[in-house]
Amino acid sequence: MDRQQWQDFLSGEGAIWEGDKAHFPLTSSDDPQGLHLIDLSPIGAISIHGPDSQKFLQGQITCDLVNLPDGHSTLGAHCSPKGRIISTFSALKVSPSQFVFRLPRDLALTAQQALAKYAVFFNTQLQDISAKSLWLGLQGQNVAERAAQLLGCSAPAIGAVASFDVAGEPCIAQSVNEYQLALLVPVTKVQQLWQTLAPQCEATGYDLWQKGQIDAGIPQVDAATSEMFIPQMTNLHLLGGVSFKKGCYTGQEVVARMQYRGATKRRLYRAKCAGGNLPSSGLEIYGEGKQSIGNLVQACHSQDGIQLLAVLTIAKVAAGETLRFKDGRTLEIQALPYDADADPLA
């Protein structure tokens, strides 16, 4: 389906077309009781398939795929030899020979190429399928059960993956968390699925999906922040995205040393600031001095200003310093839904 087709069938749903993406305004109520249908065009996908896929990935990424059951997903990262995150993703394990990574579209090709450098001795194929398959999001309370009724499939538990079809074409539904479900659909069937779901849902902007991820404290490294952070800085180790028992992988020595020596001086925080222009990922954040004390990871508009995740210097936050962007907007720290001081090794 090309851009004109998207524009034609979305034109009646209040879409605003910008570049190659359809954007919807936030709903007036942001009602969690409602079921929201979201175009996830900013999200891309990498397919990894072949007999050696699990063996290959196990030696490259931070999460443990061997002990991940088939039909489940986990957060993870691919790091440089220096332990810097090249990409973060949600890894969907269809089988030991077939995986799909959900990650920002602007990083998909870079992530695929970075992994492919190490794949030459394995019987596995890596492909950026962002142009062939698109993600749609469903968001709301009891989303898995409500989606199952609409899609005609079983309701996946949190973190699990279910299959369904649209006119005979296989599709994937991933239960991201209690409120969010991601649907991977061949581009040729997106219009049909959208038209099936739209009467039962409210078409809503991508900001609402981002807010759900930010509220959950889930980091999303994109092209602007690639190789900026070590996994512990993004709290990925607290979200099941880093295994300290699986053995070696690229960057593992740095990541393990950071954990066992307790040397992390920065970590991920959730915050909000006044509305206005959306700050770009990677933007520097300041305390009461002139030197940067951290960087923005991701941000979105909401009805309560701008919601964001940022990697900040722990000591500066603990000292109660006023946090600000260069334009003067101040940041108000918000609670995360998990214990950021927990020890994943305990």
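Of the labelled figures (1) 17.1; (2) 28.7; (3) 18.4, only one reflects mean projected area of the Cα convex hull in nm² as derived from the coordinates, namely (1). When the C-alpha to C-alpha distance is required to be over 20 Å, the pairs from LYS272/LYS316; LYS82/LYS211; LYS189/LYS211; LYS55/LYS132 that qualify are LYS82/LYS211; LYS189/LYS211; LYS55/LYS132. In terms of Cα atoms, the Rg and Dmax of segment 45-126 work out to 11.3, 32 Å.
Since only CYS153, GLY305, ILE230 are under comparison, the one whose Cα sits farthest along the positive direction of the charge dipole of the chain, derived from C-beta charges on Lys, Arg, Asp and Glu, is ILE230.
Applied to segment 152-161, the Karplus parametrisation 6.51 cos²θ - 1.76 cosθ + 1.60 on θ = phi - 60° returns per-residue 3J(HN,Hα) values of x, 9, 6, 7, x, 5, 4, x, 8, 10 Hz, with x for Gly and Pro.
Ignoring ligands, DNA and RNA, what percent of the 1.4 Å accessible area of the chain is carbon and sulfur?
On the way: 7140 of 15100 Å².
The nonpolar share, carbon plus sulfur, comes to 47 percent.
Averaged per residue, segment 91-130 has 46 square angstrom of accessible surface, using a 1.4 angstrom probe with ligands and nucleic acids left out.
Kindly provide the trypsin sites (Lys or Arg not before Pro) of segment 158-246 that DSSP labels as loop, not H, G, I, E or B, and whose Cβ sees at most 10 other Cβ atoms within 10 Å. Numbers along the way, then the final one.
On the way: sites: LYS189, LYS211, LYS245, LYS246; in loops: LYS245, LYS246.
When the trypsin sites (Lys or Arg not before Pro) of segment 158-246 are filtered for loop state and at most 10 Cβ neighbours within 10 Å, LYS245 remain.
Each helix, a run of at least 4 DSSP H residues, gives -39500 (n - 2.57); summed and divided by the residues of the chain, these come to -5500 deg cm²/dmol at 222 nm. When +1 charges are put on Lys and Arg Cβ atoms and -1 charges on Asp and Glu Cβ atoms, the dipole computed for segment 44-130 relative to its Cα centre reaches about 200 debye.
Applying a DSSP loop filter and a limit of 15 other Cβ atoms within 10 Å to the trypsin sites (Lys or Arg not before Pro) in segment 93-126 leaves LYS117. Using the Cα gyration tensor of segment 249-346, with a ≥ b ≥ c the square roots of its eigenvalues, what is the shape: rounded (a/c below 1.5), prolate (a/b larger than b/c) or oblate (neither)? Prolate, since a/c reaches 1.5 and a/b exceeds b/c.
Only the Cβ atoms of Lys and Arg (+1) and of Asp and Glu (-1) were treated as charged; on that basis the dipole of the chain about its Cα centre amounts to roughly 1240 debye. By a 1.4 Å probe calculation restricted to protein chains, VAL66 has an accessible surface near 80 Å², given to the nearest 10. Rounded to the nearest 20, the size of the Cβ-charge dipole of segment 116-200 about its Cα centre is 180 debye, with Lys and Arg at +1 and Asp and Glu at -1.
The values are calculated or read from the model by the stated rules, or taken from the named source; none is laboratory data. Keep in mind that what you see is a predicted model, and the values were worked out from it rather than measured. Glycine gets a Cβ as well: all are built from the backbone with ideal geometry, and neighbour counts include every protein chain shown. Just the protein is used for accessible areas: all its heavy atoms, side chains included, with ligands, DNA and RNA removed. Shrake-Rupley method; radii C 1.70, N 1.55, O 1.52, S 1.80 Å.
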